[in-house]
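Working notes, structure below.
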Number of protein chains: 2
Amino acid sequence: MAKAAKQKTSGGPEKTTRIQEINRRLILDAALDVFSTYGFRGTTIDQIAEKAGMSKPNLLYYFPRKQNIYVTLLEETLTEWLAPLADIDPEGDPIEQLRKYITLKIKMSESHPEASRLFANEVLHGAPAISDFLAKHLKPLVDEKAVVIRRWVGEGKLAPVDPYHLIFMIWATTQHYADFDVQVRAIMGSQVGRPGFREQTAQAVLSIILNGIRPRD
Amino acid sequence: MAKAAKQKTSGGPEKTTRIQEINRRLILDAALDVFSTYGFRGTTIDQIAEKAGMSKPNLLYYFPRKQNIYVTLLEETLTEWLAPLADIDPEGDPIEQLRKYITLKIKMSESHPEASRLFANEVLHGAPAISDFLAKHLKPLVDEKAVVIRRWVGEGKLAPVDPYHLIFMIWATTQHYADFDVQVRAIMGSQVGRPGFREQTAQAVLSIILNGIRPRD
DNA sequence: CTGCATTTTGACCAACTAGTCAAGTTTTTG
DNA sequence: CAAAAACTTGACTAGTTGGTCAAAATGCAG
């Protein structure tokens with residue numbers, strides 16, 4: 001849906017010029033910042049344009065509608081966000097695979113909190129722009145991994161646990177540190193900024209979840 | 001800060017009339033619905049007024065600013081939301097107390113998802129309207145309970161775990177089902193509506209967290 | 001260098017929305 | 001039952017914002 005720029009030539013396969021490449025990236029980067037802070041309705045095109053260093057009509061030359069920027073950003077973000085889940089190896093050691101996954105998600109939460117917030121905000125408001133995407137890409141992937149986890153449980157390598165709720169729990173806990181950052185800071189204060197904070201977080205989360213699903217005899 | 005209505009009389013202690021009581025409640029109930037769905041900026045006063053069954057100027061007679069409704073609602077909500085945490089009994093059995101707390105929070109997530117979303121949205125956007133409230137009410141309460149949990153760990157009644165991260169984890173997992181409802185539905189489909197779903201959720205969450213913090217020998 | 005396509009922008013518009021106001025209606029009170 | 005207080009609202013305003021447009025500036029292929 002997200003076409004490049006107006007094509008005044010015939011309807012052939014649209015090529016992207018060097019300038020288009022640069023400017024679209026500039027716009028998307030600026031928009032991520034603004035959208036993730038103020039939400040879709042709370043963001044003005046002017047804000048994005050200013051942050052991207054161009055005029056509003058120029059921005060609209062690349063993305064004719066505000067909605068276009070938003071959707072492009074969401075799909076881009078979500079794809080990247082999902083990669084670690086896809087990387088879970090069905091043949092690996094369950095605890096090890098999940099440890100890797102959780103660790104990676106916590107890292108992402110720290111390095112790209114805006115992306116997490118952009119997505120959280122969208123889902124919070126009923127995912128009007130990406131419910132199709134969720135159904136088409138998210139659900140199949142989760143279903144696939146749920147089968148793997150269920151097999152692990154069956155083989156006695158994990159305590160009996162519902163795969164879906166386990167995945168939700170991992171998402172919830174890891175993204176919490178990005179999405180609710182302000183609340184975490186309000187409570188833990190200066191600790192949050194300190195060097196080892198991410199490791200401490202990872203340690204706590206891993207300890208509870210992994211012990212929670214380790215097979216018991 | 002949220003004064004009742006314009007007082008045309010002298011500056012005495014303002015009394016609330018019967019009509020004021022009714023209409024303020026009507027407005028707040030309507031506003032919770034709309035704000036939680038569309039966010040602060042995404043909500044118009046007209047929307048709230050229509051849902052509350054009154055004209056816009058009349059609504060503004062009770063809450064002179066849109067912001068007033070929003071803040072009142074947030075503080076009301078957060079207070080109620082925090083009660084179960086305050087109820088954790090320092091002298092009770094740790095696992096039992098936490099089981100009760102988690103169960104209650106999952107119930108609240110199901111019965112008042114709008115309240116959860118309203119709050120989540122506010123925090124997500126940096127809590128501009130309630131950061132004071134967080135510092136003044138949330139932090140002290142959490143600090144207080146953290147001491148209790150730390151003592152429980154010291155007494156060997158819980159596995160070594162950071163109290164703050166444990167509390168965050170409980171919040172994250174329980175509120176996830178309200179805040180990310182759309183995503184949960186996109187993945188689990190019709191299961192979500194089914195009768196026993198809340199119990200199944202509670203069971204999964206409790207199983208992982210409680211086993212995760214049960215003392216190991 | 002020339003001419004066409006692409007890119008850029010100032011000026012503008014229509015729709016929307018928070019909040020005002022003055023004039024009316026209803027409720028309360030003495 | 002009157003008069004005052006409380007309540008209600010249609011009509012309006014000022015500010016904002018998504019998007020248009022025509023014309024100017026720039027880039028680029030031959």
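The values are calculated or read from the model by the stated rules, or taken from the named source; none is laboratory data. Worth saying up front: this structure is predicted, and the values here are computed from it rather than measured. For neighbour counting, all protein chains shown are included, and Cβ atoms are generated from backbone atoms with ideal geometry for every residue, glycine included.
Give the stretch B:189-202 a look and list any residue that's surrounded by 15 or more Cβ atoms within 10 Å (Cβ to Cβ) and free of Cβ contacts under 8 Å to residues at least 24 places away in the same chain, or say none. B:192, B:197, B:200, listed by residue number. If you go through the stretch A:151-169 and pick out every residue that is farther than 17 Å from residue A:210 by Cβ and crowded, with 19+ Cβ neighbours inside 10 Å, you end up with 1. May I ask you to list the residues in the stretch B:176-200 that are within 15 Å of the chain's Cα centre (by Cα) and either at the interface with chain A (Cβ under 7 Å from one of its Cβ atoms) or among the aromatic types (Phe, Trp, Tyr) (or both)? Within the stretch B:176-200, B:176, B:177, B:179, B:180 qualify. So, residue B:184, is that one β-branched (Val, Ile, Thr), under 25 Å from residue A:168 (Cβ atoms) and assigned to a loop (DSSP other than H, G, I, E, B) or not? Answer is no for this residue.
In the set (1) in a helix (DSSP H, G or I); (2) modelled with pLDDT under 95, the condition left unmet by residue A:15 is number (1).
Residues checked against (1) within 14 Å of chain B (Cβ to nearest Cβ); (2) more than 14 Å from DNA strand C (Cβ to nearest atom); (3) surrounded by fewer than 18 Cβ atoms within 10 Å (Cβ to Cβ):
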{"site": "A:50", "(1), (2), (3)": "no, no, yes"}
{"site": "A:56", "(1), (2), (3)": "no, no, yes"}
{"site": "A:60", "(1), (2), (3)": "no, no, yes"}
{"site": "A:70", "(1), (2), (3)": "yes, yes, no"}
{"site": "A:76", "(1), (2), (3)": "no, yes, yes"}
{"site": "A:79", "(1), (2), (3)": "no, yes, yes"}
{"site": "A:83", "(1), (2), (3)": "no, yes, yes"}
{"site": "A:86", "(1), (2), (3)": "no, yes, yes"}
{"site": "A:93", "(1), (2), (3)": "no, yes, yes"}
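Screening residue B:79 against (1) at pLDDT 95 or above; (2) more than 24 Å from residue A:208 (Cα to Cα) leaves a single unmet condition, (1).
Taken over the stretch A:201-217, the criterion of being more than 7 Å from chain B (Cβ to nearest Cβ) and part of a helix (DSSP H, G or I) is satisfied by A:202, A:203, A:206, A:210.
Mind checking which pairs have a first residue in the stretch A:38-65 that is without any contact (Cβ under 8 Å) to a residue 60 or more places away in the chain and closer than 23 Å to residue A:179 by Cβ and a second that is part of a helix (DSSP H, G or I) and more than 9 Å from DNA strand D (Cβ to nearest atom), Cβ under 6 Å, 6 or more apart or different chains? Partner pairs satisfying both residue conditions: A:41/B:42; A:43/A:34; A:43/A:35; A:47/A:34; A:48/A:30; A:48/A:31; A:48/A:34; A:51/A:30. Here the stretch B:31-47 is the region considered, the condition is being within 14 Å of DNA strand D (Cβ to nearest atom) and within 10 Å of residue B:118 (Cβ to Cβ), and the residue that is nearest to the other protein chains (Cβ to nearest Cβ) is B:39.
Within the stretch A:138-175, the set of residues being facing chain B (nearest Cβ under 10 Å), touching a residue at least 24 places away in the same chain (Cβ under 8 Å) and either in contact with a Ser or Thr (Cβ under 6 Å, 6 or more places away or on another chain) or assigned to a helix (DSSP H, G or I) (or both) comprises A:138, A:141, A:142, A:166, A:167, A:169, A:170, A:171, A:173, A:174, A:175.
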